[in-house]
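Nothing in this text is a laboratory measurement; each read-out follows from the coordinates by a stated rule. Since we're looking at a predicted model, the values are computed, not measured. Note: ideal-geometry Cβ built from the backbone for every residue, glycine included; neighbour counts use all protein chains shown.
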Amino acid sequence: MKTKTALVFGIALGVVGIVSSAHATTTVTLDKFTGTQAFGSFSGSATINCPGSTPANPITGNIFVSGFLSGANQVFKQPGSHPAISNGASVDLFYQNTCTNQFSFLDGGVANAFTPPNPTLNSAQILGSGFVQDFDTGAQFAVSFDVVFQGSGAIQRNQTVSVSKNGTGAGGPTTINVSHFANASRNAAASGTFSIGGVNVPIDFSFSLMLSNDNSSLSVNR
């Protein structure tokens, strides 16, 4: 089965300033990465009527799903421009239909499907509909989901600042680098609805988490 690594989605903010004097030029560059994400792994099953089933002669089978659902929100802004917002959800899924003996690995994405958490990571929602595609055959399946993440337990925070300086210090070029990393995570209880191919499949989450990050790097060259 495909393994998916959860990544913290971020944003990039680039600012470059140049200060000139009779003796030197100073260039300041700031890169900033921030964003939020909620994700979890789930599984579920549903009983369906197989092709050819009738009330007098019922033929039933099962649909099984197991996968990973993730939502992320990020913003990109440059000086003098309006913010550009990127928001969406992704689904990676193992799908089995016992009526047709079908086994498929599917993935897909839905834009504007994520309601991000607040700074204290209280709750988030992934809500949308779209399509997932079979890795091997290219066949598509309609999916829809409405999952709410509720924060559980304490927020884990991590913040570090590092400063480095390179150069001769004797009138030659000098570079100063300042890095700042501030990240937070919180366990979550996730629940909601999921459907594939028009079939509602009750799901349970074995693991879910909400994340936020605010990382920046400042470089001064003079």
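State whether the stretch 13-221 is rounded, prolate or oblate according to the following rule on the C-alpha gyration tensor (a ≥ b ≥ c being the square roots of its eigenvalues): a/c under 1.5 gives rounded; otherwise a/b larger than b/c gives prolate, and the remaining case gives oblate.
It comes out prolate by the Cα gyration axes.
Rank these for me by crowding, Asp107, Asp92, going from fewest to most other beta carbons within 10 Å.
Arranged by neighbour count, lowest to highest, Asp107, Asp92 become Asp107, Asp92.
Quick one: 3J(HN,Hα) in Hz for the stretch 91-101, Karplus 6.51/-1.76/1.60 with θ = phi - 60°, rounded, Gly and Pro as x.
After applying 6.51 cos²θ - 1.76 cosθ + 1.60, I find 10, 10, 9, 9, 10, 9, 10, 6, 5, 9, 6 Hz.
Quickly rank 93-99, 150-156, 39-45 as a protection proxy: mean count of other C-beta atoms within 10 Å, highest first.
Output ranking for 93-99, 150-156, 39-45: 39-45, 93-99, 150-156.
Classify the stretch 124-216 as rounded, prolate or oblate from the Cα gyration tensor: take a ≥ b ≥ c as the square roots of its eigenvalues, call it rounded if a/c is under 1.5, otherwise prolate when a/b beats b/c and oblate if not.
Verdict is oblate for the stretch 124-216.
Could you work out how much longer the chain between Asp146 and Asn49 gets when fully extended? Use 0.36 nm per residue separation minus the Cα distance between them, nm to one decimal.
Value of the extension gain: 32.5 nm.
Assuming 0.36 nm per residue, please report the length gained on full extension of the stretch Ser86 to Gln102 beyond their Cα-Cα distance.
2.3 nm
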